[in-house]
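Participant: The following block contains the structure, expressed as structure tokens.
The values are calculated or read from the model by the stated rules, or taken from the named source; none is laboratory data. Fair warning: this is a prediction, and the values are worked out from it, not measured in the lab. A quick note on method: Cβ atoms are made from the backbone with ideal geometry, for glycine too, and the neighbour counts reach across all protein chains shown.
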Amino acid sequence: MTPENPRDPEKQGWPLYEVFVRGNRGLNHVHVGSLHAADDAMALTHARDLYTRRNEGVSIWVVRSEHIAASTRDEKDPFFAPSADKVYRHPTFYDIPDDVPHI
Amino acid sequence: MLGARKRVTLIPNEWSVGKLVTMTTTDAAEVPPPHTPDGLQEHFDATIARDQRVEPRDWMPDGYRKTLIRQIAQHAHSEIIGMQPEGEWITRAPSLRRKAILFAKVQDEAGHGLYLYSAAETLGADRDDLTQRLIEGRQKYSSIFNYPTLGFADVGVIGWFVDGAAICNQVPLCRSSYGPYARAMVRICKEESFHQRQGYELLMTMMRGTDAQREMVQDAVNRWWWPSLMMFGPPDDASPNSARSMAWKIKRHSNDELRRRFVDMTVPQAEKLGVTLPDPELRWNEESGHHDFGTPDWDELMRVIKGDGPCNDRRMERRRTAHEEGAWVREAATAHAAKQAARAEKGTAA
Amino acid sequence: MSDDHVYLTLAEGHEDDTRWAYGTGFEDPLHGVDTTVPEGVDAGALVAECVALADDALVSAQRLAEWVTRAPELEEEVALANIGLDLLGQARLLYSRAGQTDGTGRDEDAYAYLRDAGDFRNVRLAELPGGDFAFAVVRLLVLSSWRLAHFRRLRAHPDPVLAAVAAKGVKELTYHRQYAAEWCVRLGDGTDESHRRMRAALDRVAPYLGELHTAYDVRDEVADDLRQVTEAAGLPLPVHRPLPGSGRAGEHTEHLAPLLTELQGVARAHPGATW
């Protein structure tokens, strides 16, 4: 992903999907989290396994994270450079210090 | 599962998960948007001060982001590595009911790991990269999972102690200042309370069984007590990052505070169960209103964290092997998806 | 209504202990079902049917449990565990029914833990050890396709308990078959390596296909499922080379006994214990 570390596309992980679930009739679909899958069918299967515990009768939407355009009110600020085409900012890798866990 | 017989309160009422989830999200209508670059920091500080949630696209200080990624990743790694000590007993569980419970529990842990990796990804981390860091030993997981499970009673004690300690640590994180982390924790804590109950219920059942079973329980309690106390981390005066994390509301209580809470919670449960906690210094202190207890072997904790625990190599090796042996599967799925996309494109063009 | 409130409603109704006792099931499939064995139902045949189907499920679940912490991706950990839990749930209900019917009053654990390999009636395909993920999904495809076809018919069984277990199982098995079929196609089509592994897996499964008979003739359905999937995956149909013997008659491979030693070891080491 970083320029100095180009990856073989086949070795790259499965793309990120956002998952939306309607738990009960009468409710909107609600964003519940994300997961990785190679294709849409796999994303739906994983979403059902992971976020609904296979409860019958709930409705699930999955969408590739990169296909969601997003805005927040904060970004109306002229001094702030928005990255308006991603649901999350995906900066380059953070160098996370190796540290003693404080779990 | 536990029926109406259960009287022991495993989670103090004031910690009831449901009460902790009335949190608000960042709302720009309440906090005016910043008008200068400096205003970003003020805006962030104000959000934290108001006990509101920071959300993925909000501006946040680099240190906050890095600390969170590290904390969430270590938490996620702990869930995934934590599947191993108990997972070894699914195929050997002595009744079908216990087999199903344990299978479901270990599956939950995989789910928890995934919720947490998902939360870390909202901060810009990449799961493959985090996995790589784990299997190369560059990121840690909870030291408790480097101890072996020697008998089936260990499954019960892990539920009671380890999941109990996790609940003490994690329930306050349902109010973490970072929205996706807090929301993941709500879900996780609900399931952890099941985990703790199944563990305690297994032990109660075993204590009603044969002498050999009671011995198994006491032996497991003796082996897991001190490592469980170490789960809360080093003492406060040796925990340099804690203060900043508390100021950011990533962490809500100090290590020692949580450890004491765990001891206070567990002692009456041990009495009810009929086991002895292996600490001669453990006694009720009328004055402080808490239990006094002995000091864990901090050198041991440091050794285990540095990789010299009884099972560090085995745990890492298993995770690394699974990841490496799964590579051809993941690559095949990616290749198939690419071929399908190409076929679809060709179909549209034709 | 805040977002968090909406979010929490997702979890509502899942908070009971059922999921723990029955794996992923939310409802007791026997709720309101009369457990008296109806007149005209041959008790011996019913017991044999329940035990055979329970043994298939238990042995399969045991093999799926061996994937825990070894799956190729974390999402697959969750998926394989779901399938294992479903099968374990089916086994428990079926053993219980056998115990109610055979006059011994034995419970599910007596069947699972106190019989030796020669008493087990599972098909041999279920007990084969190890193998890679390709073998796991090919075996799952074949076994779930076969079991699904059989369970569909069992929904009309004169025994109401077996019929109720089958009705619940049909939903689960439909999902298992779907999961396996999707993976077979991905791996057959994916890379040269995955294609090669799929062919090897089909070759390994082939000798055991002949054993998949039931009281109902479902061979065409199973063959049709397999044909559809192999076609979509660009794989050849496995050549049928039936192996003599039958797990249904208690004739097993050398792999069942060690599987049971692991499954039964703790339980047998502590006679009279309660868990």
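Participant: So if I check each of B:319, B:315, which one is more than 8 Å from chain C (Cβ to nearest Cβ), out of contact with any strand residue (DSSP E or B) (no Cβ under 9 Å at 6 or more places or on another chain) and assigned to a helix (DSSP H, G or I)?
Facilitator: Step by step, each of B:319, B:315 is checked, and only B:315 is more than 8 Å from chain C (Cβ to nearest Cβ), out of contact with any strand residue (DSSP E or B) (no Cβ under 9 Å at 6 or more places or on another chain) and assigned to a helix (DSSP H, G or I).
Participant: Name the pairs: first residue in the range C:192-221 and touching a residue at least 40 places away in the same chain (Cβ under 8 Å) and under 20 Å from residue C:149 (Cβ atoms), second residue of a type in the set (Gly, Ala, Ser) and part of a loop (DSSP other than H, G, I, E, B), Cβ to Cβ under 9 Å, at least 6 apart or on different chains?
Facilitator: Matching pairs, first to second residue: C:211/C:245; C:211/C:246.
Participant: Residue under question is residue C:229, and the condition is that it be part of a helix (DSSP H, G or I), free of Cβ contacts under 8 Å to residues at least 24 places away in the same chain, surrounded by 13 or more Cβ atoms within 10 Å (Cβ to Cβ) and among the β-branched types (Val, Ile, Thr); does it hold?
Facilitator: Here the answer is no, as residue C:229 does not meet what is asked.
Participant: With the condition kept exactly as written, say whether any residue in the range C:134-144 is more than 18 Å from residue C:238 (Cβ to Cβ) and either crowded, with 22+ Cβ neighbours inside 10 Å or aliphatic (A, V, I, L, M) (or both).
Facilitator: The answer is no, given that none of the residues of the range C:134-144 is more than 18 Å from residue C:238 (Cβ to Cβ) and either crowded, with 22+ Cβ neighbours inside 10 Å or aliphatic (A, V, I, L, M) (or both).
Participant: Here's another thing I want to ask about it. When you go through B:277, B:282 one by one, which is the residue that is closer than 29 Å to residue B:204 by Cα and touching a helix residue (DSSP H, G or I) at 6+ places or on another chain (Cβ under 6 Å)?
Facilitator: B:277
Participant: Still on this model: Any residue in the range B:108-126 that is away from chain C (no Cβ under 11 Å) sitting within a Cβ distance under 7 Å of a residue that is of a type in the set (S, T, N, Q)? List the pairs, counting only those 6 or more apart or interchain.
Facilitator: B:121/A:34
Participant: Is it the case that some residue within the range C:184-196 is among the polar types (S, T, N, Q), in contact with a helix residue (DSSP H, G or I) (Cβ under 7 Å, 6 or more places away or on another chain) and over 30 Å from residue B:336 (Cα atoms)?
Facilitator: The answer is no, given that none of the residues of the range C:184-196 is among the polar types (S, T, N, Q), in contact with a helix residue (DSSP H, G or I) (Cβ under 7 Å, 6 or more places away or on another chain) and over 30 Å from residue B:336 (Cα atoms).
Participant: Also, I was wondering about something else. Look at residue C:255 and say whether it is at pLDDT below 95 and under 18 Å from the mean Cα position of the chain (by Cα).
Facilitator: no
Participant: Would you check if residue C:215 is modelled with pLDDT under 95 and either out of contact with any His (no Cβ under 9 Å at 6 or more places or on another chain) or more than 18 Å from residue B:331 (Cα to Cα) (or both)?
Facilitator: It is true that residue C:215 is modelled with pLDDT under 95 and either out of contact with any His (no Cβ under 9 Å at 6 or more places or on another chain) or more than 18 Å from residue B:331 (Cα to Cα) (or both).
Participant: Next question, about the same structure. Looking at the range C:107-119, which of its residues are more than 14 Å from residue C:94 (Cα to Cα) and either under 15 Å from the mean Cα position of the chain (by Cα) or away from chain B (no Cβ under 14 Å) (or both)?
Facilitator: Correct list: C:116, C:117, C:118, C:119.
Participant: Quick check on the range B:237-259. Is at least one of its residues at pLDDT 95 or above and either at negative phi or part of a helix (DSSP H, G or I) (or both)?
Facilitator: The answer is yes, given that some residue of the range B:237-259 is at pLDDT 95 or above and either at negative phi or part of a helix (DSSP H, G or I) (or both).
Participant: Return the total of residues in the range C:36-53 being under 13 Å from residue C:97 (Cβ atoms) and part of a helix (DSSP H, G or I).
Facilitator: Going through the range C:36-53 one residue at a time, the tally reaches 10.
Participant: Considering only the range C:124-144, how many residues are modelled with pLDDT under 95 and either more than 13 Å from chain B (Cβ to nearest Cβ) or under 15 Å from the mean Cα position of the chain (by Cα) (or both)?
Facilitator: Residues in the range C:124-144 being modelled with pLDDT under 95 and either more than 13 Å from chain B (Cβ to nearest Cβ) or under 15 Å from the mean Cα position of the chain (by Cα) (or both): 0 in total.
Participant: A follow-up question, please. Residue by residue through the range A:27-45, note down the ones that are within 16 Å of the chain's Cα centre (by Cα), more than 9 Å from chain B (Cβ to nearest Cβ) and within 24 Å of residue B:179 (Cβ to Cβ).
Facilitator: Within the range A:27-45, A:29, A:30, A:31, A:43 meet the criteria.
Participant: Sticking with this one: For the range C:36-71, what are the residues that are away from chain B (no Cβ under 14 Å) and closer than 30 Å to residue B:322 by Cβ?
Facilitator: C:56
Participant: Being within 18 Å of the chain's Cα centre (by Cα) and closer than 26 Å to residue B:312 by Cβ narrows it down to one of B:73, B:93, so name that one.
Facilitator: So the residue among B:73, B:93 that is within 18 Å of the chain's Cα centre (by Cα) and closer than 26 Å to residue B:312 by Cβ is B:73.
Participant: Moving to a separate point now. For residue B:53, only one of the following conditions fails: (1) in contact with an Asp or Glu (Cβ under 8 Å, 6 or more places away or on another chain); (2) at pLDDT 90 or above; (3) not aromatic (Phe, Trp, Tyr). What is its number?
Facilitator: Status for residue B:53: all satisfied but (1).
Participant: Another question, if that's okay. Which of the residues spanning the range C:71-106 are more than 19 Å from the chain's Cα centre (by Cα) and either on the phi > 0 side of the Ramachandran plot or in a loop (DSSP other than H, G, I, E, B) (or both)?
Facilitator: Passing the criteria: C:72, C:73, C:102, C:103, C:104, C:105, C:106.
Participant: Filter the range B:81-92 for residues that are facing chain C (nearest Cβ under 7 Å) and aliphatic (A, V, I, L, M); which is nearest to residue B:116 (Cα to Cα)?
Facilitator: B:83
Participant: Another question about this same structure. Return the residues of the range B:142-173 that are hydroxyl-bearing (Ser, Thr, Tyr) and at the interface with another protein chain (Cβ under 7 Å from one of its Cβ atoms); say none if nothing qualifies.
Facilitator: Listed by number, the list holds a single entry, B:142.
Participant: Given the condition among the aliphatic types (A, V, I, L, M) and not in a helix (DSSP H, G or I), answer yes or no: does some residue in the range B:276-285 qualify?
Facilitator: yes
Participant: Identify all residues within the range B:183-195 that are surrounded by fewer than 23 Cβ atoms within 10 Å (Cβ to Cβ) and either in contact with a strand residue (DSSP E or B) (Cβ under 8 Å, 6 or more places away or on another chain) or within 17 Å of residue B:266 (Cα to Cα) (or both); write none if there are none.
Facilitator: Of everything in the range B:183-195, those that are surrounded by fewer than 23 Cβ atoms within 10 Å (Cβ to Cβ) and either in contact with a strand residue (DSSP E or B) (Cβ under 8 Å, 6 or more places away or on another chain) or within 17 Å of residue B:266 (Cα to Cα) (or both) turn out to be B:193, B:194.
Participant: State all residues of the range B:315-330 that are over 20 Å from the mean Cα position of the chain (by Cα) and not small (Gly, Ala, Ser); if no residue qualifies, say none.
Facilitator: Result: B:317, B:320, B:321, B:323, B:324, B:325, B:328, B:329, B:330.
Participant: Of (1) outside any helix (DSSP H, G or I); (2) under 30 Å from residue C:114 (Cβ atoms), residue C:235 satisfies all except one. Which?
Facilitator: (2)
Participant: I'd like to verify a number: residues in the range A:4-26 that are exposed (fewer than 14 other Cβ atoms within 10 Å of the Cβ), modelled with pLDDT of 80 or more and away from chain C (no Cβ under 11 Å), how many?
Facilitator: Final tally of qualifying residues: 1.
Participant: Right, another one. Restricting the first residue to the range C:85-97 and requiring it to be within 10 Å of chain B (Cβ to nearest Cβ) and under 16 Å from residue C:126 (Cβ atoms), which pairs with a second residue that is outside any helix (DSSP H, G or I) and acidic (Asp, Glu) meet a Cβ separation below 9 Å and a spacing of at least six or different chains?
Facilitator: Once the first residue is within 10 Å of chain B (Cβ to nearest Cβ) and under 16 Å from residue C:126 (Cβ atoms) and sits in the range C:85-97, its partners that are outside any helix (DSSP H, G or I) and acidic (Asp, Glu) give C:95/C:107.
Participant: Any residue in the range B:218-231 that is under 17 Å from the mean Cα position of the chain (by Cα), at the interface with another protein chain (Cβ under 7 Å from one of its Cβ atoms) and closer than 30 Å to residue B:49 by Cβ?
Facilitator: Within the range B:218-231, not a single residue is under 17 Å from the mean Cα position of the chain (by Cα), at the interface with another protein chain (Cβ under 7 Å from one of its Cβ atoms) and closer than 30 Å to residue B:49 by Cβ.
Participant: Does any residue of the range A:80-90 turn out to be within 12 Å of chain B (Cβ to nearest Cβ) and either assigned to a helix (DSSP H, G or I) or at pLDDT 80 or above (or both)?
Facilitator: no
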